[in-house]
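Just so it is clear, none of the values below were taken in a lab; they were calculated from the coordinates. Fair warning: this is a prediction, and the values are worked out from it, not measured in the lab. No Cβ is skipped: glycine too gets one built from the backbone with ideal geometry, and neighbour counts run over all protein chains shown.
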Amino acid sequence: MAYKKEELPITMGQKVSITVRGEVFNVLVRGWRKGQYIILDLPRAGVEDFRVAPQTGTQVHFTKEGLFVNFKTSTIMSIVHGMPLLIVEYPRSFDSHNLRKHQRFKANFPIRYYYEADDQKYEDSGIVRDISANGILFTHTKQIIRENKLFLNLEIPNCGSIQSQMADIRNIRKNPKSETSPFVTGIKWRDISPETEASIAKLIQSRLADRRNDMR
């Protein structure tokens, strides 16, 4: 996802790392008001709350959808009683760096895949969630093993068909919040065919054109 430079890409419940007086803590974002403050969990040192005085310099960084974000701020106040919270100033600016080599584009269309194991062929379906020139991320119901070589079949709306395209599994994780598609798998194209390459290139050109129109 592309973000405007002035828009800080934080979400409720997001995990961030903060550095306070040389100590590093992982905390969650509990809320914010743009231009004024961000509410975080109060860090803990062991079993004790980490007390932070107002105007203490604080550095915050996190990674969201391949974008590394870093900024400096200072504390406004810490709340120890009840739900321990740390309130920091909303940054006037922040640094960001895209960690991904290829841009990813959100998607929501079906995919079918198959692989072979123990002289048997296994088939299933899923939903593509994002796509790039390097590969795709999709959700599905049945667990697959990283060592398997997948073969993918999908129709990219208005951009063409991808048939029996080989792919390497790069990462697998589980999404406990989803009952219908609990598995999330990222793949990288392998020996990409001219047809697959053409379909993806058409999709990327279309999405980039849409972004340019939105910015006008």
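Which value at 222 nm does the chain reach when only helices count, each DSSP H run of 4 or more adding -39,500 (n - 2.57), with the total divided by all residues and rounded to the nearest 500 deg cm²/dmol? Spell out each step's value before the answer.
On the way: 1 runs with 22 residues, N = 216.
Mean residue ellipticity at 222 nm (helix-derived): -3500 deg cm²/dmol.
Please give the helix 194-215 orientation as an angle from the longest Cα principal axis of the chain, in degrees from 0 to 90, rounded to the nearest 10.
40 degrees
Hey, got a sec? Which GluC sites (Glu not before Pro) in segment 15-74 land in a DSSP loop and have at most 14 other Cβ atoms within 10 Å?
In loop regions of segment 15-74 (DSSP not H, G, I, E or B), the sparsely surrounded GluC sites (Glu not before Pro) are Glu65.
Got a sec to turn the phi values of segment 174-188 into Karplus ³J(HN,Hα) couplings, 6.51 cos²θ - 1.76 cosθ + 1.60 with θ = phi - 60°, whole Hz, x for Gly and Pro?
Ordered by residue, 3J(HN,Hα) equals 10, 10, x, 7, 10, 8, 7, 9, x, 10, 10, 10, x, 10, 10 Hz.
Would you work out the charge dipole size for segment 15-98 about its Cα centre, treating the Cβ of every Lys and Arg as +1 and the Cβ of every Asp and Glu as -1, and quote it to the nearest 20 debye?
200 debye
How high is the FRET efficiency between Glu48 and Lys188 when r is their beta carbon distance and R₀ equals 45 Å, given to the nearest 0.05?
That gives a FRET efficiency of 0.50.
Over 32 Å between C-alpha atoms is what I'm after, so list which of Lys142/Lys202; Lys149/Lys177; Lys15/Lys202; Lys34/Lys202; Lys106/Lys142 land there. The partial results should precede the final answer.
Working: Lys142/Lys202 30 Å; Lys149/Lys177 27 Å; Lys15/Lys202 35 Å; Lys34/Lys202 37 Å; Lys106/Lys142 22 Å.
Violating the 32 Å limit, Cα to Cα: Lys15/Lys202; Lys34/Lys202.
With label points built 7 Å along Cα→Cβ from the Cα atoms of Met166 and Ser181, find their separation and express it in nm.
That separation, rounded to one decimal, is 2.7 nm.
Taking only the C-alpha atoms, wrap a convex hull around the chain and report its volume per residue in Å³ as a whole number. It would help to have the intermediate numbers written out before the result.
Working: hull volume 35.0 nm³, N = 216.
For the chain, the hull spanned by Cα atoms encloses 162 Å³ per residue.
I need the shape label for segment 126-181. Rule: rounded when a/c is under 1.5, else prolate if a/b > b/c, else oblate, with a, b, c from the alpha carbon gyration tensor.
oblate
With a point put 7 Å past each Cα toward its Cβ, work out how far Lys64 is from Glu147 in nm, to one decimal.
So the two model labels end up 3.9 nm from each other.
Please give, to one decimal in nm, the separation of the simple spin-label points placed at Glu123 and Thr11, each 7 Å out from Cα toward the Cβ.
A separation of 3.3 nm, rounded to one decimal place.
List, in order, the whole-Hz ³J(HN,Hα) value for each residue of segment 18-26 obtained from phi through the Karplus relation with A = 6.51, B = -1.76, C = 1.60 and θ = phi - 60°; use x for Gly and Pro.
10, 10, 10, 6, x, 9, 10, 9, 9
For Cα pairs less than 8 Å apart in space and 6+ apart in sequence, what is the mean separation divided by the residue count of the chain, i.e. the relative contact order in percent?
For the chain, the relative contact order is 12 percent.
So what J values fall out for segment 83-91 if you push phi through Karplus, 6.51 cos²θ - 1.76 cosθ + 1.60 with θ = phi - 60°, rounded to Hz, Gly and Pro as x?
8, x, 9, 10, 10, 10, 5, 5, x
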